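The values are calculated or read from the model by the stated rules, or taken from the named source; none is laboratory data. Note that the structure is predicted; figures quoted are calculated from it, not measured. Positions of Cβ are backbone-derived with ideal geometry, glycine not excepted, and every protein chain shown enters the neighbour counts.
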Amino acid sequence: MTPKPDVPQQLAAPGHALDAALAHLDTRRSVPFMRLQEPAPDSATLLRLLASATRVPDHGIREPFRFVTLRGDARRVFGERLAARHREADADASESVIAKDLDRYLHAPLIVVLVAQLGPDPKIPEQERLLSAGCTGFALLQAAQAAGFGGCWLTGWAAYDRGVASMLGLEAHEHVIGFIHLGTPSQDIPGRRRPDPATLLSEWTP
Ligand SMILES: Cc1cc2nc3c(=O)[nH]c(=O)nc-3n(C[C@H](O)[C@H](O)[C@H](O)COP(=O)(O)O)c2cc1C
């Protein structure tokens, strides 16, 4: 299943060498988690993908990121614990909301929890370290798609809850910045409107 490029019409120049060079960037798209099925990258393949995905701009070489995987039955248990935590935090949470907690991690065969390692640093602002960690999420999606897989980056309340963070073994300076759901797309995913860079670009003149 090869996605078609999603570049704005006026920039598409078929046959141009630059288009070929940018093809992986131009075809990246998310695959909804419910459309992801087996197989997912196995452990060795995931390590290979992460070798590419961690090659990000990183001021001061802080490596402010790490990754935690959820596979197999751990996904079900994680969903159950999230649901329990949700009920504990909000006794009025509806059954349909709780059902989403239980269901969300059961579709994609692999979920990579993207963790940013922040906290005080004598030199590099936290924002810069957060951006480096964020780059790895984008790059992991790119790498997975280049390897024939599909994925999507989700957050939701669980990404911002300290109870969930400790359930995942995170320390106080560590933050979940994404749940990257990975697997094989079960169907073609329609493209969507993409930004027109001409409307975003301006030249500063003194
Ligand atoms: C940090 C971050 C968190 C996101 N969280 C969610 C989410 O919780 N739910 C959701 O539907 N999309 C979320 N998205 C958006 C999707 O990952 C995806 O980018 C969007 O559906 C558009 O698809 P595209 O990647 O093909 O452009 C998030 C994106 C980012 C960068």
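If you scan the stretch 84-108, which residues turn out to be surrounded by fewer than 21 Cβ atoms within 10 Å (Cβ to Cβ), part of a loop (DSSP other than H, G, I, E, B) and in contact with a His (Cβ under 9 Å, 6 or more places away or on another chain)?
The answer is Ala93, His107.
Restricting attention to the stretch 139-188, which residues are of a type in the set (Ser, Thr, Tyr) and not in a helix (DSSP H, G or I)?
Thr155, Thr184, Ser186
Working carefully through the options Leu106, Leu114, find the one that is within 23 Å of Asp42 (Cβ to Cβ) and more than 15 Å from the ligand (Cβ to nearest atom).
Unique residue meeting the criteria: Leu106.
Quick one: which of Ala165, Ala133 is in contact with an Asp or Glu (Cβ under 8 Å, 6 or more places away or on another chain) and of a type in the set (A, V, I, L, M)?
Ala165
Looking at Leu154, Leu141 in this structure, which one is in contact with a Cys (Cβ under 8 Å, 6 or more places away or on another chain) and within 11 Å of the ligand (Cβ to nearest atom)?
Being in contact with a Cys (Cβ under 8 Å, 6 or more places away or on another chain) and within 11 Å of the ligand (Cβ to nearest atom) holds for just one of Leu154, Leu141, which is Leu141.
Could you please let me know if Arg55 is in contact (Cβ under 8 Å) with a residue 60 or more places away in the chain and either closer than 18 Å to Arg129 by Cβ or touching a strand residue (DSSP E or B) at 6+ places or on another chain (Cβ under 6 Å) (or both)?
Yes.
Taking Ala198 as meeting all but one of (1) loosely packed, with under 12 Cβ neighbours inside 10 Å; (2) part of a loop (DSSP other than H, G, I, E, B); (3) of a type outside the set (Phe, Trp, Tyr), write down the number of the exception.
For Ala198, the exception is condition (2).
Would you be able to say whether some residue in the stretch 63-79 is loosely packed, with under 15 Cβ neighbours inside 10 Å and within 16 Å of the ligand (Cβ to nearest atom)?
There is no residue in the stretch 63-79 that is loosely packed, with under 15 Cβ neighbours inside 10 Å and within 16 Å of the ligand (Cβ to nearest atom).
How about the stretch 157-196: which of its residues are at pLDDT below 95 and in contact with a strand residue (DSSP E or B) (Cβ under 8 Å, 6 or more places away or on another chain)?
Across the stretch 157-196, the qualifying residue is only Ile189.
Please go through the stretch 58-83 and give me each residue that is part of a helix (DSSP H, G or I), out of contact with any strand residue (DSSP E or B) (no Cβ under 7 Å at 6 or more places or on another chain) and among the hydrophobic types (A, V, I, L, M, F, W, C), ordered by number.
Within the stretch 58-83, Ala74, Val77, Leu82, Ala83 qualify.
Identify the residue in the stretch 119-136 that is part of a helix (DSSP H, G or I) and either small (Gly, Ala, Ser) or modelled with pLDDT under 95 (or both) and, among all such residues, is surrounded by the most Cβ atoms within 10 Å (Cβ to Cβ).
Taking the candidates together, the pick is Ala133.
State the number of residues belonging to the stretch 23-48 that are within 16 Å of the ligand (Cβ to nearest atom) and assigned to a loop (DSSP other than H, G, I, E, B).
Of the residues in the stretch 23-48, 5 are within 16 Å of the ligand (Cβ to nearest atom) and assigned to a loop (DSSP other than H, G, I, E, B).
Of everything in the stretch 160-189, what is charged (D, E, K, R) and in contact (Cβ under 8 Å) with a residue 60 or more places away in the chain? Give them in sequence order.
Correct list: Asp161, Glu174, Asp188.
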